[in-house]
Amino acid sequence: MARKKIIAGNWKMNMTPSEAVALIETLKPLVKNDDVDVVFCVPAIDIIPAIEAAKGTNINIGAENLYFEEKGAFTGEISPNMLVDAGVKYVIIGHSERREYFAETNETVNKKVLKAFEHDLTPIICCGESLTQREQGITIDWIRQQIKIAFLNVTADQAKKAVIAYEPIWAIGTGKVATTEQAQEVCKAIRDCIAEIYDEATAAEIRIQYGGSVSAASAPELFAQADIDGGLVGGASLKPDFGKIVNYNK
Ligand code: PEP
């Protein structure tokens, strides 16, 4: 069975609650495409108004992070139950900005992935290499390590439902898109790694996105690659261009 494409916006730390509602009003007629699962991952404070604004549309609202404990003395964190109760279905885990600025590690990513699955949230698990790692020729080894730790103790049935976002750090927010060959090579290596951890059936079902300066111009070729099942989009997800990215196949 063909994998359904999934295209997610990562709003990062942009949009106040009222701006979020206005943006969804602008984008909702533009992001209709039955061939694609459409997700807007928004700041925590925007989740509830965004869910309200997206009612009756094909837009799913996701979170940009969660904490791996259920409740308690963790000032400033958001629990999985809070996300589920608000109506969230997807959550980005281990974005490179969280790894860089908030000290997230492969191990905390794994804890968050397990917690997301425990609560039936679909994790969008980010991985990606730095420019130095690419230049040193260790991209695939690095990504395989990130994937193997992120999926520790995750069952095959859970893994099938996961989304992995391959995001080379040097391509995020820089305007430098990976070539389709570079993106396909790593996405295939990720699928092969999942087949090694689990089996071919799990690898065939899991969805793998490319992320890093995706635009309306680069999306069609990237998303046509055999192992690329859509994209995680930062900057362009805040603009009407996101409609063109979602409709890359029209
Ligand atoms: C991202 O933040 O996940 C991302 C891919 O950003 P951009 O599209 O702006 O490079």
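So if I check each of 26, 108, 75, which one is of a type outside the set (Phe, Trp, Tyr) and within 20 Å of residue 233 (Cα to Cα)?
26
If residue 27 passes every condition in (1) within 16 Å of the ligand (Cβ to nearest atom); (2) open to solvent by less than 50 Å² (accessible area, probe 1.4 Å); (3) out of contact with any helix residue (DSSP H, G or I) (no Cβ under 7 Å at 6 or more places or on another chain); (4) over 22 Å from residue 162 (Cβ atoms) but one, which one does it miss?
(3)
Which one of these does residue 112 not meet: (1) in a helix (DSSP H, G or I); (2) over 20 Å from residue 63 (Cα atoms); (3) touching a Phe, Trp or Tyr at 6+ places or on another chain (Cβ under 6 Å)?
Looking at each condition in turn, residue 112 falls short on (2).
Take the residues in the stretch 40-61 that are among the small types (Gly, Ala, Ser) and within 17 Å of residue 78 (Cβ to Cβ); name whichever of them is surrounded by the fewest Cβ atoms within 10 Å (Cβ to Cβ).
Here the residue is 44.
Based on what the data block shows, is residue 68 modelled with pLDDT of 95 or more, surrounded by 16 or more Cβ atoms within 10 Å (Cβ to Cβ) and in a loop (DSSP other than H, G, I, E, B)?
So residue 68 passes the test.
What residue, among those in the stretch 169-192 that are assigned to a helix (DSSP H, G or I) and within 15 Å of the ligand (Cβ to nearest atom), is surrounded by the most Cβ atoms within 10 Å (Cβ to Cβ)?
By that ranking, first place goes to 183.
If we scan the stretch 150-167, do we find a residue that is open to solvent by less than 30 Å² (accessible area, probe 1.4 Å), of a type in the set (A, V, I, L, M) and modelled with pLDDT under 95?
No, the stretch 150-167 contains no residue that is open to solvent by less than 30 Å² (accessible area, probe 1.4 Å), of a type in the set (A, V, I, L, M) and modelled with pLDDT under 95.
Please determine whether any residue of the stretch 236-243 is open to solvent by 10 Å² or more (accessible area, probe 1.4 Å), modelled with pLDDT under 95 and within 15 Å of the ligand (Cβ to nearest atom). Break it down into steps so the answer makes sense when it comes.
Taking the stretch 236-243 and keeping what is open to solvent by 10 Å² or more (accessible area, probe 1.4 Å), we get 236, 238-241.
Cutting the leftovers down to modelled with pLDDT under 95 gives us none.
The answer is no, given that none of the residues of the stretch 236-243 is open to solvent by 10 Å² or more (accessible area, probe 1.4 Å), modelled with pLDDT under 95 and within 15 Å of the ligand (Cβ to nearest atom).
Taking the criterion of being open to solvent by less than 10 Å² (accessible area, probe 1.4 Å), closer than 30 Å to residue 181 by Cβ and within 14 Å of the ligand (Cβ to nearest atom), would at least one residue in the stretch 96-116 satisfy it?
no
Filtering the stretch 117-143 down to residues that are within 16 Å of the chain's Cα centre (by Cα) and part of a helix (DSSP H, G or I), which residue is surrounded by the fewest Cβ atoms within 10 Å (Cβ to Cβ)?
117
The values are calculated or read from the model by the stated rules, or taken from the named source; none is laboratory data. Being a predicted model, the structure only gives us computed values, none of them experimental. Positions of Cβ are backbone-derived with ideal geometry, glycine not excepted, and every protein chain shown enters the neighbour counts. All accessible areas refer to the heavy atoms of the entire protein, side chains included, with ligands and DNA or RNA removed. Shrake-Rupley method; radii C 1.70, N 1.55, O 1.52, S 1.80 Å.
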